[in-house]
Amino acid sequence: MARPKKIIARTKVKDDRLSICIFRRQGKNKWHINQILIDDAPLSLDEAKEKIKEFSEQLKIPWQKKPLQDVTRKRLHNSAKRKARKEQERKARALKPPLLTFDGSSLERPGRSASASVIEMPDRTRHTVTKFIPSAFANEAEYTGLIIGLEKAIELGISKLTIKGDSQTVIYQVSGKYQLKSNSKFLELSERVIHLLSFFDDYSLAWIPRRKNQLADRAAHKCLKENSPPEKSNEYLDYLIYGNSYLFDDDYYF
């Protein structure tokens, strides 16, 4: 008969106080507390035996009369602290608004281009949108990435949004730090972005370096590759897409 992996047993806390726990086997004769069922209670041996039998019938876990030594309460306490800390982090993330990152890529000036935007929700689910442009400049592709991202955020019913991108031109023009001339080719795109931003109750714009914008950057390059003919330029795109070994396809398509 195989030895059980779990058992229910008592462990002595003080002279007249006991705890009843589920123990998990680790090694040949080592048992560690997996769960505390009754903690530090004034039970007699007969009362403890009856409680152990009840738990054994309910949980379908074998029990033993012989007490086991409490050697892992500190580790169990640390495990509970880690779970509590993760729960606090999860609740803190839930209070933060969704994060939108955008990017654009162009092979020539102008040339085949692609735009992408990634919206990361507080629960860490992501929504990725991309768009191929037959001919555009890099900044036009960047603007388009922001536009399609904002349109997706409105579609998802998002009211508050944090926006980050690695294009200083787009971020600073939209935020008003860079002034646009009346004849600027980006004026229409900037006005389109400002119009979309009016649908949100609150938003923030921030520039980030390219190394912190990998999700949107790679999504744009992947879209560009999928819409490009099989030429030598694809080797360059492969490098841009797969050059960062710590990123995987699953990071981009959901």
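The values are calculated or read from the model by the stated rules, or taken from the named source; none is laboratory data. If you're wondering where the values come from, they're calculated on a predicted model, not measured in any experiment. Neighbour counts are summed over all protein chains in view; Cβ atoms, including those assigned to glycine, are modelled from backbone coordinates with ideal geometry.
So how many residues does region 110-155 have that are of a type in the set (S, T, N, Q) and in contact (Cβ under 8 Å) with a residue 60 or more places away in the chain?
Final tally of qualifying residues: 6.
Can you tell me which residues in region 148-171 are surrounded by fewer than 20 Cβ atoms within 10 Å (Cβ to Cβ) and either assigned to a loop (DSSP other than H, G, I, E, B) or out of contact with any strand residue (DSSP E or B) (no Cβ under 7 Å at 6 or more places or on another chain) (or both)?
GLU151, ILE154, GLU155, LEU156, GLY157, SER159, THR169
(1) surrounded by fewer than 17 Cβ atoms within 10 Å (Cβ to Cβ); (2) among the small types (Gly, Ala, Ser); (3) touching a strand residue (DSSP E or B) at 6+ places or on another chain (Cβ under 8 Å): which one isn't true of GLY27, the others all being true?
With (1) surrounded by fewer than 17 Cβ atoms within 10 Å (Cβ to Cβ); (2) among the small types (Gly, Ala, Ser); (3) touching a strand residue (DSSP E or B) at 6+ places or on another chain (Cβ under 8 Å) applied to GLY27, the lone miss is (3).
What residue, among those in region 113-167 that are among the basic types (Lys, Arg) and more than 11 Å from ALA220 (Cβ to Cβ), is modelled with the lowest pLDDT?
ARG124
Can you find even one residue in region 187-197 that is at pLDDT below 95 and in a loop (DSSP other than H, G, I, E, B)?
Looking through region 187-197, none of the residues is at pLDDT below 95 and in a loop (DSSP other than H, G, I, E, B).
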